Each structure stands twice: as C-alpha cells, then as structure tokens.
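Peer 1: Mind looking over this structure? Questions follow.
The values are calculated or read from the model by the stated rules, or taken from the named source; none is laboratory data. Predicted model, so just to flag it, every value in this text is computed and none were measured. A quick note on method: Cβ atoms are made from the backbone with ideal geometry, for glycine too, and the neighbour counts reach across all protein chains shown. Heads up: the accessible areas ignore ligands, DNA and RNA and are worked out on the full protein's heavy atoms, side chains in. Shrake-Rupley method; radii C 1.70, N 1.55, O 1.52, S 1.80 Å.
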Amino acid sequence: MDDTLVLFGVPRRVGAGEPAFLPPGMATHLAAILALRGDWVARDEFVALLWPDADTRRGRHNLSQLLHMVKRSAWGHDVEASPARVRWSIASDVGAFRSAIATGDWQRAAEYDAGTLLEGTSEGTSEPFDAWLRAERADLHASWHEALVGYAAALAADERWSDAARVLRRLVASDDLLEGAVQGLIRAEARAGRRDTALQAFETFRDRLADELSLEPLEATTA
C-alpha cells in the first residue's frame, strides 16, 4: 500500500504501518502547502506565506531549519529540497478528492468526508497563510457540496430514493439552511415511502428559517 497524506481531519501519513501524525504548527502548514500544490514550490513563496514580517535572510533561515526537522521526521523524510525550491511527491486524500471532482465522479467524491482541512489548525499563523487556508477550505467545501448534489441527482434519476435521501441528509446536516438540498431531501424521503420523515424535514427547515432569519420557505419548498 502506497503512503497517503490525510489532510481532511487530523493530518497524518498512512500506509502499511502505523499512522504517523503530523505535529501541529509550521511543519504541518509546510506539508499541506506542498501536498496540495503537488509540484515544486519556491522557497521564497514559503517565506512570504509563513514569515511575511521577517527579512529575507531570517525567513530563509527559518525555512531551512523547518525543512531540516521535517526531513528527519517519520512522516516527511522524502520531502525534496533544492537551494531554490521544495517538493513533496506524495498522494493525498485532498488530491484524490479533487481528481474525482474534476472527472465528475460524484460517487467517489462523496465517499470523502471533506470536513475541516487541517483539523485543529486555527488562524493566527500569519495573515497570508490564514488567507490561503480560508480559501482552500472554502473551495473544498464548495466542491464537496457539488459532489453530494451531483451524486444525489444521479441516484434520484435511477429512482434510488432511499440512497438519494441518505446523501442529502449528509448535505443538510452540514448546513440546514440549504433550501435546494432540503427540497431534494423532502422529495426523496416521500418517494421512498417515508411521508412522515419528509414532513419532519420540512417542518425542521421551516422552523429553523423562521428562528434564524425570520423568513419563510419558498413556495416550491412548501408545495
């Protein structure tokens, strides 16, 4: 089994042996940037992302020290470094997820639990890195939403209503104000023969919408 870097949830390297968990902090940030880029990254780009307030000499020294530690670790020993750039040729769950999205393989994409990228990593490292992390998380969440909608639509087209409802429940659980997903869930539950469950889904959405936004469901949802 080839090693894979898991970045959804707690970051870790998995393979034939025991998982090697990445330590919190700069090392994990470096690993994530490398794995998500999947190619050579200029050293100066890391300096700009991780130590934007440091002068060039200090920033490059910090990066060299960090790379030395990473390459001595059980999880990052195969990171490649040249005088000007760095690369890590390792498969990742995020890469596999994005590959499934790119090919429209909604079923495979939906198998991933695209929760918080780098779970446990909060903002506060540096503004450039924080902005990068927010953008990556937003993009992955939007892609996960797209995958579940596409997979549920394919299941509904095959009249696999219970399976479609199961997928849509995951989507609604992530954001219970997604009215389009709620509409699909109501329809799937009803056509699966679970009328009471469909009505409960509508009532839960209607009450939440009123409580949080003082709004009413669309006429299409009520119908």
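Peer 1: In Å², what does the accessible area per residue of segment 157-223 work out to with a 1.4 Å probe?
Peer 2: For segment 157-223, the solvent-accessible area averages 63 Å² per residue.
Peer 1: How far is the Cα center of segment 192-217 from the Cα center of segment 25-61, in Å?
Peer 2: Cα centres, segment 192-217 to segment 25-61: 47 Å.
Peer 1: Based solely on C-alpha atoms, express the radius of gyration and the Dmax of segment 25-84 in angstrom.
Peer 2: Rg, Dmax (Cα atoms, Å): 10.8, 31.
Peer 1: Quick one: pull the percent of accessible area on segment 168-223 belonging to carbon and sulfur, 1.4 Å probe, ligands and nucleic acids left out.
Peer 2: Summing carbon and sulfur atoms, their accessible area is 48 percent of the total for segment 168-223.
Peer 1: Given the options 44, 53, 113, state which has the largest fluctuation in a GNM of the chain using a 10 Å cut-off (strictly under) for Cα springs.
Peer 2: 53
Peer 1: Just to be sure I understand the model, the point goes 7 Å from the Cα along the line to the Cβ. What's the resulting residue 69 to residue 37 distance in nm?
Peer 2: If labels sit at residue 69 and residue 37, their model points lie 1.9 nm apart.
Peer 1: Sort out for me the Cα centre separation of segment 151-169 from segment 100-139, rounded to whole Å.
Peer 2: Between the Cα centre of segment 151-169 and that of segment 100-139, the gap is 25 Å.
Peer 1: Continuing with this model, one more query. To the nearest 0.05, how large is the calculated FRET efficiency for residue 87 and residue 111 if R₀ is 25 Å and r is the Cβ-Cβ distance?
Peer 2: 0.35
Peer 1: On to the next question. Measure off, as a whole percent, the carbon and sulfur share of the 1.4 Å-probe accessible area of segment 1-71, all protein chains present.
Peer 2: Result for segment 1-71: 50 percent of the exposed heavy-atom area is carbon or sulfur.
Peer 1: With every protein chain present, what is the per residue accessible area of segment 66-139 (1.4 Å probe, Å²)?
Peer 2: Accessible surface, normalised per residue, equals 52 Å².
Peer 1: Could you list the trypsin sites (Lys or Arg not before Pro) in segment 5-96 that lie in coil according to DSSP, counting only those with at most 11 other Cβ atoms within 10 Å of their Cβ?
Peer 2: When the trypsin sites (Lys or Arg not before Pro) of segment 5-96 are filtered for loop state and at most 11 Cβ neighbours within 10 Å, 72 remain.
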